[in-house]
Amino acid sequence: MPRTSPVIRFADLNQTFVKRGQEPVVALDGVTFDVQRHEFISVLGPSGCGKSTLLRLIAGLIKPTSGTLEIFGLPVTEPRQDIGIVFQRPTLLPWFDVLGNVTFPMRHKYGRVTPQERERAQGLLSLVGLADFAGKQIDELSGGMQQRVAIARALLLDPDILLMDEPFSALDALTRDEMSFELLRIWADRPKTVLFITHSIPEAVLLADRVVVMSARPGRIREILEVPLARPRTLASLSDPAFHELANHIRSQLFTHPVA
């Protein structure tokens, strides 16, 4: 996609965690890259390389030790209203039904839910394929359905940026594939700037415009790769030689070449 002013900008960003009586832990070292509006970025790397730390920084939950992190040209100093987050697990509230869980951000923020907001939430449930489940309890849903509820909830406030921290990692392989294509459909219908954390190379390649490959801790950017697959992505994309070539290249980077 053409490069314009970035939505998110990292420049020589460093993050070190310090606990009293312990050696400092360098989580991120010299991270530099930009994210464009409505770009889908997958972030891959070994466990403990700082992938989730990146998301926490963008969300304003922690402050960088040094370097630059900007959203729409402004430094990130606190949590923002224009960011939605989908976690590894849905973290739904069992005392609310499905519609109550989707509308919870409004109840939490304003102490009420208007009829218009309920209507919007119902529309989002239709978007994620759960139009007929609004009154169901959470324990009546499968894992994949619960994660769809979590995605609808994250979209309720219509965020500009959607952060997804391994959202399908707890699902079985078939459901995970189904959810990947479902996410692509939702993203095409309601474009967002997406940062998607994953340990799955095929998942990263299938979803993204670009894949950010990170090194083991301290997390550094090993490589940023354009995904040369046409959109919309389909099952045929998984058989495209370019898909396998890029996936194999990423494997070679992650499993055979340490960062100097």
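The values are calculated or read from the model by the stated rules, or taken from the named source; none is laboratory data. Predicted model, so just to flag it, every value in this text is computed and none were measured. In this analysis, Cβ positions are derived from the backbone assuming ideal geometry, glycine residues included, and neighbour counts consider all displayed protein chains. Surface areas here come from the heavy atoms of the whole protein model, side chains and all, with no ligands, DNA or RNA. Shrake-Rupley method; radii C 1.70, N 1.55, O 1.52, S 1.80 Å.
Going by the structure shown, is Val26 part of a strand (DSSP E or B), in contact with a strand residue (DSSP E or B) (Cβ under 6 Å, 6 or more places away or on another chain) and either open to solvent by less than 10 Å² (accessible area, probe 1.4 Å) or basic (Lys, Arg) (or both)?
On the way: part of a strand (DSSP E or B): yes; in contact with a strand residue (DSSP E or B) (Cβ under 6 Å, 6 or more places away or on another chain): yes; either open to solvent by less than 10 Å² (accessible area, probe 1.4 Å) or basic (Lys, Arg) (or both): no.
So Val26 does not fit the description; no.
Considering only residues of segment 29-40 that are of a type outside the set (Asp, Glu) and open to solvent by less than 60 Å² (accessible area, probe 1.4 Å), which is farthest from Ala188 (Cα to Cα)? Let's see the steps before the verdict.
Here is the first cut: in segment 29-40, the residues of a type outside the set (Asp, Glu) are 30-33, 35-38, 40.
Narrowing the set further to residues that are open to solvent by less than 60 Å² (accessible area, probe 1.4 Å) leaves 30-31, 33, 35-36, 38, 40.
Working: Gly30: 32, Val31: 29, Phe33: 24, Val35: 17, Gln36: 16, His38: 10, Phe40: 11 Å.
Out of the qualifying residues, it is Gly30.
What do you reckon, is Val7 surrounded by fewer than 16 Cβ atoms within 10 Å (Cβ to Cβ), of a type in the set (A, V, I, L, M, F, W, C) and at negative phi?
On the way: surrounded by fewer than 16 Cβ atoms within 10 Å (Cβ to Cβ): no; of a type in the set (A, V, I, L, M, F, W, C): yes; at negative phi: yes.
Spelling it out, it is not the case that Val7 is surrounded by fewer than 16 Cβ atoms within 10 Å (Cβ to Cβ), of a type in the set (A, V, I, L, M, F, W, C) and at negative phi.
Quick check on Val211: is it within 13 Å of the chain's Cα centre (by Cα), over 18 Å from Gly84 (Cα atoms) and surrounded by 21 or more Cβ atoms within 10 Å (Cβ to Cβ)? Considered against the rule, which asks whether it is within 13 Å of the chain's Cα centre (by Cα), over 18 Å from Gly84 (Cα atoms) and surrounded by 21 or more Cβ atoms within 10 Å (Cβ to Cβ), Val211 comes out as yes.
It is to be established whether one or more residues within segment 88-104 are in contact (Cβ under 8 Å) with a residue 60 or more places away in the chain and open to solvent by 50 Å² or more (accessible area, probe 1.4 Å). Yes; the residues of segment 88-104 include at least one that is in contact (Cβ under 8 Å) with a residue 60 or more places away in the chain and open to solvent by 50 Å² or more (accessible area, probe 1.4 Å).
Listed here are the residues, each with its yes/no results for (1) within 21 Å of Asp209 (Cα to Cα); (2) out of contact with any Ser or Thr (no Cβ under 6 Å at 6 or more places or on another chain); (3) of a type in the set (A, V, I, L, M, F, W, C); (4) assigned to a strand (DSSP E or B).
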| position | (1), (2), (3), (4) |
| --- | --- |
| Gln15 | no, no, no, yes |
| Leu54 | yes, yes, yes, no |
| Gly84 | yes, yes, no, yes |
| Leu92 | no, yes, yes, no |
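Hey, can you tell me all the residues within segment 156-184 that are closer than 21 Å to Glu119 by Cα and either over 13 Å from the mean Cα position of the chain (by Cα) or surrounded by 21 or more Cβ atoms within 10 Å (Cβ to Cβ) (or both)? It would help to see each step written out before you state the result.
The initial filter retains those residues of segment 156-184 that are closer than 21 Å to Glu119 by Cα, namely 156-160.
Once the filter is applied, which keeps residues that are closer than 21 Å to Glu119 by Cα and either over 13 Å from the mean Cα position of the chain (by Cα) or surrounded by 21 or more Cβ atoms within 10 Å (Cβ to Cβ) (or both), segment 156-184 yields Leu156, Leu157, Asp158.
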